[in-house]
1. Can you show me the helix-derived [θ] at 222 nm for the chain, built from DSSP H runs with n ≥ 4 at -39,500 (n - 2.57) apiece and divided by the number of residues, rounded to the nearest 500.
2. For an R0 of 45 angstrom, estimate the FRET efficiency from the Cβ-Cβ distance between Asp374 and Ser107 and round to the nearest 0.05.
3. Quick check on packing: order 192-201, 226-235, 103-112 by the mean number of other C-beta atoms within 10 Å, highest mean leading.
4. For the stretch 24-263, what is the relative contact order in percent, using Cα pairs closer than 8 Å and at least 6 residues apart in sequence?
5. Within 10 Å, count the other beta carbons around each residue, average over each peptide in 66-78, 366-378, and list them highest first.
6. Pick out which of Gly164, Gly365, Gly35 has the largest mean-square fluctuation in a Gaussian network model of the chain, springs linking Cα atoms closer than 10 Å.
7. Of the beta bridges DSSP finds with both residues in the stretch 117-259, what % are antiparallel, to the nearest 5?
8. Within the chain, which whole H helices from DSSP have a Cα span along their axis of at least 20 Å and a mean Kyte-Doolittle hydropathy of 0.5 or more, if any?
Amino acid sequence: MPAKDFSEGRRVYFDHNATTRARDEVIDAMLPFLGDKFGNASSLHFFGQEARIAVELARTRVAGLIGAEQEEIIFTAGGTESDNLAIRGAVLNSRMNGGKAHVVTSSIEHPAVINTCRALEESGTEVTWLPSDSDGMVSVSDLEEAIRDDTTLVSIMLANNETGVIQPVKELAEVARSRGVLFHVDAVQGTGKVPVDVDQLGVDMLTLSAHKFYGPKGIGALYIRRGVLLPPILTGGHQEMGMRPGTENVPAIVGFGEACRISLERLSSEMGHIGNLRDLIEKGILDHVPDVSINGGNAPRVPNTCNVTVTSVEGEALTLNLSMLGFALSSGSACATGSDDPSHVLLAMGIDNVDAQGALRISLGVENTRNDVDLFLSVFPGVVKRLRQMSPLRKDIL
Ligand SMILES: Cc1ncc(COP(=O)(O)O)c(C=O)c1O
């Protein structure tokens, strides 16, 4: 493959699982609420009512994306807060009712879930950590065995942020429901990439985050099925039906609603396009770079994510070298950036420490083109070859 130039300093963004650029329509919808439409949605006067109407329209749109009712959506400051509200809230509710609170989760969750469960463990809550198989999947039979009489909550993600592997949430939730246990799903990496319907999945709570599908940062939601009792975890005013105190972030909520409306409309065409690009990238890598493997490649995955182990190189070195050539992507988990630790997800899949350090995550999005893929494939094999020649991770010299 001939190397191609970067015309006009083109930069290619392949890190959509870290965050996405808000769509132009989303920004346009938000702008008036950063300016003249600045009211507090709790105020009774016309400024407040203007904001309230916009918030409720957004709530309808968020609900619409996941097949929920408007009053089942609580706005939060993002996926992390929604995960905390679901997990801490369920445990608190059980304790307030005099019950014990055993939680089941998995070893491949996002830190928003893992570290929340660890914090609860430290304060006396028992947690069972389900393993992953080598394809990155959590098993239904493991969940069946893990549920106990005192289990309050099962929390398993929909799509993994590193591998894109989709968990069998419908089957897992069925097990929880048949045992009378609440089921929470962190759908941050699934929403906007695959169809998500709370009734089809049979879940009690579902976490969403706008910035992963072309909405603004710092806004998310927790779906709470009607009838599920959850105390708030923050104290303050009565906003969000008493579930989440604090003045609503009206511009971000409006942008979130718009991102949901557009996602519902364009999901299948956009994801068809992105899935084709992802398949081309994977084929190109497998055809032109020796000793690579696609992590989670045998499992069902969201269409935009490719996680590849490149043996004998460090993912971070690859990421930095590719960045200098104009490609933005991530080594392992973006959320673990700043730490040298190999990905907990890849380790849970049985990948060894050294190979886990050579993992690269390419996550595509709506603005990517065939040309982006061709440019990437024109430089990637050469970068790998060069780094391998000087790599301290070469297993033949270890
Ligand atoms: C699966 C998953 N859950 C939760 C989060 C946290 O979401 P937020 O960035 O909105 O707090 C992320 C972000 O990377 C994620 O990928």
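Read-outs throughout are calculated quantities, based only on the coordinates presented, and are distinct from any laboratory measurement. If you're wondering where the values come from, they're calculated on a predicted model, not measured in any experiment. FYI the Cβ positions are ideal-geometry reconstructions off the backbone, even for glycines, and counts take in every protein chain you see.
1. Values: 12 runs with 161 residues, N = 398.
Value at 222 nm, helices only, nearest 500: -13000 deg cm²/dmol.
2. On the way: r = 37 Å, r/R0 = 0.83.
Plugging the Cβ-Cβ distance into 1/(1 + (r/R0)^6) gives 0.75.
3. On the way: 192-201: 19.9, 226-235: 13.1, 103-112: 23.6.
Descending mean neighbour count gives 103-112, 192-201, 226-235.
4. Details: 486 pairs, mean separation 67.6, N = 240.
After rounding, I find 28 percent.
5. Working: 66-78: 20.5, 366-378: 17.5.
Ranked by mean Cβ neighbours within 10 Å, highest first: 66-78, 366-378.
6. Gly35
7. On the way: 6 of 13 bridges.
Restricted to the stretch 117-259, the bridges split so that about 45 percent are antiparallel.
8. Working: long enough: 46-66 (31 Å, 0.59); 79-96 (25 Å, -0.24); 250-288 (48 Å, 0.16); 370-389 (30 Å, -0.02).
Membrane-span-like by this rule: 46-66.
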